[in-house]
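No lab work stands behind these numbers, since they all come straight from the coordinates. Since we're looking at a predicted model, the values are computed, not measured. We place every Cβ from the backbone using ideal geometry, glycine too, and count neighbours over all the protein chains shown.
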Amino acid sequence: MSDFPCPIQSPPAASVVIDVAAGLIFRNGKLLITQRKAGSHLAGLWEFPGGKREPGESWDDCLRRELREELAVDVAVGRLFNEVTHSYPEKTVHLRFYVCSLITGEPEPIDCAALAWVTAVELKQYQFPAADATLLAIMPAAAEFSRSTTD
């Protein structure tokens, strides 16, 4: 037995994983993005609209609910385009990006700071969270994908 006390170490806490559904909504060659509200996690950054999935909620239902709450629109949720899991220091997010088409409503910034319709080239002018970075690299493919699945 050692004369030196051995510090007690707790096992690392399991990171909380949050499921997030996001919509890729295209119109006239532009993509809809939204800005995170002041006081929220990653405030001021731009993102693809959507939000957290509730327990027992399907991905499609989550995305439709979030887009109604955030932008006052109804959408048809298309096929899954991509998914990403990213760990931030305080949590891990599992994002699924779906190509969507507007059914009713004109997007309004109800539960976000602002919104913008941007081209793939213009996306470089906006600052996005790290979790969205991998998707930004393939946005031209997303635009092509949207034409083949939502027209």
Taking r as the C-beta separation of residue 92 and residue 68 and R0 as 30 Å, the FRET efficiency to the nearest 0.05 is 0.70
Most exposed to least, judged by fewest other Cβ atoms within 10 Å, 121, 99 sort to 121, 99
Under 12 Å from residue 91, Cα to Cα: aspartates and glutamates that are on another chain or at least 8 residues apart: 19
Restricting to Cα pairs below 8 Å that are 6+ residues apart, what does the relative contact order work out to for the stretch 17-150? Please round to a whole percent. 32 percent
By average Cβ neighbour count within 10 Å, what is the ranking of 101-114, 61-74 from highest down? 61-74, 101-114
Expressed in nanometres to one decimal, the distance between label points 7 Å along Cα→Cβ at residue 106 and residue 83 is 3.6 nm
Added length on full extension, which subtracts the Cα-Cα distance from 0.36 nm per residue, residue 138 to residue 125: 3.1 nm
